[in-house]
Amino acid sequence: MTERDTDAAQAAEPGRFEDLDAEDIVIKKLDADNLTLSGSAVGLATVRDATITSSALGLVGATHDVALSTVAAMAVGAQGDLGMERSGAGAVVAGGDIRVTQGGSELMFAAGSVAVEQGGAGVIAAREVAIKDGWVGLVAARDVELADGVEVMFGPREAAVFGAALGAIAGLVFGLVARCRGTHRER
C-alpha cells in the first residue's frame, strides 16, 4: 500500500471523499462521490459512482452507476446501471439496467433490463431479461429471451406453487408480527 492509499484509508473512516482512488485497502465504511478500488475489502460504501476490481464488498449503495470486475459482494444497489464481469453477489438492484458477464447473483432486480451472458441468477425481476449460456431459477419480466441451452429451474407451474407458498409464508409472518405487536401494546 502506498502512502497515498494509507492516507486515503485513514481519512475515509471519519469523512467523505469527492474522489477516492485506492488499492489494497481494508476499510469498514466509506462515503465518496467517485470510488475506484482495486484489491480491497470494504464493509459499507455509499457512493455516487463506483468502479471496483478484484475486491470483496459487504454493501454498496450508489446514486448513479456501479461497475464490478472480479468482485465478490453481499449486496449492491445502483440507482443507475450496474455491470458485473466475473463477479458474484448475494443481491443486486438497479434503477437502470443490469449487465452480467461470467457471473451471477441470487437475486437480481432491475427497473430496466437484465442481460446475462455465461452466468445466472436464482431470481430475476425486470422489464426485459435476456440470458445467453446460463441458468435462472425464476424470471418475472414482460419480455424474456432465453438462448438455446439456458436452464430454467422453475417453469410456470413451479413458479405458481412457489408464489403461493411464498405468499402463505409472508401472510403467516405478517400475522404473527401483528399479533405480537397487539400483545405488546396491551401490556
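Annotations for the structure displayed:
- Of all residues in the stretch 104-148, exactly one satisfies the criterion of being modelled with pLDDT of 95 or more, touching a Gly at 6+ places or on another chain (Cβ under 7 Å) and of a type in the set (Val, Ile, Thr), namely Val116.
- In the stretch 31-49, the residues that are in the same structural domain as Val71 (by TED's automatic domain parsing) and at positive phi form Cβ pairs under 6 Å with partners that are surrounded by fewer than 18 Cβ atoms within 10 Å (Cβ to Cβ) and at pLDDT 95 or above, at six or more places apart or across chains, as follows: Gly39/Ser54.
- Residue tally, condition outside any strand (DSSP E or B) and at pLDDT 95 or above, over the stretch 1-39: 1
The rows are residues; the columns are (1) in the same structural domain as Ser113 (by TED's automatic domain parsing); (2) assigned to a loop (DSSP other than H, G, I, E, B); (3) at pLDDT 70 or above; (4) more than 18 Å from Gly120 (Cα to Cα).
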position: Ala159; (1), (2), (3), (4): no, no, no, no
position: Phe162; (1), (2), (3), (4): no, no, no, yes
position: Leu176; (1), (2), (3), (4): no, no, yes, yes
position: Arg185; (1), (2), (3), (4): no, no, no, yes
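- Subset of the stretch 42-57 that is among the small types (Gly, Ala, Ser) and modelled with pLDDT under 95 - its residue that is surrounded by the most Cβ atoms within 10 Å (Cβ to Cβ): Ala45
- One residue stands out in the stretch 83-96 among those that are among the small types (Gly, Ala, Ser) and outside any strand (DSSP E or B): the one that is farthest from Thr63 (Cα to Cα), namely Ser87.
- Against the criterion of being in contact with a His (Cβ under 7 Å, 6 or more places away or on another chain) and either assigned to a strand (DSSP E or B) or closer than 22 Å to Ala110 by Cβ (or both), Gly58 does not qualify.
- Failed condition for Arg99, given (1) charged (D, E, K, R); (2) closer than 30 Å to Leu20 by Cα; (3) not in a strand (DSSP E or B): (3)
- Residue list for the stretch 89-103, filter: of a type outside the set (A, V, I, L, M, F, W, C) and either more than 16 Å from Asp133 (Cβ to Cβ) or modelled with pLDDT under 95 (or both): Gly90, Gly95, Gly96, Asp97
The values are calculated or read from the model by the stated rules, or taken from the named source; none is laboratory data. What you see is a predicted model; the values in this text were computed from it and never measured. Positions of Cβ are generated from backbone atoms using ideal geometry, with glycine treated the same way; all protein chains shown enter the neighbour counts.
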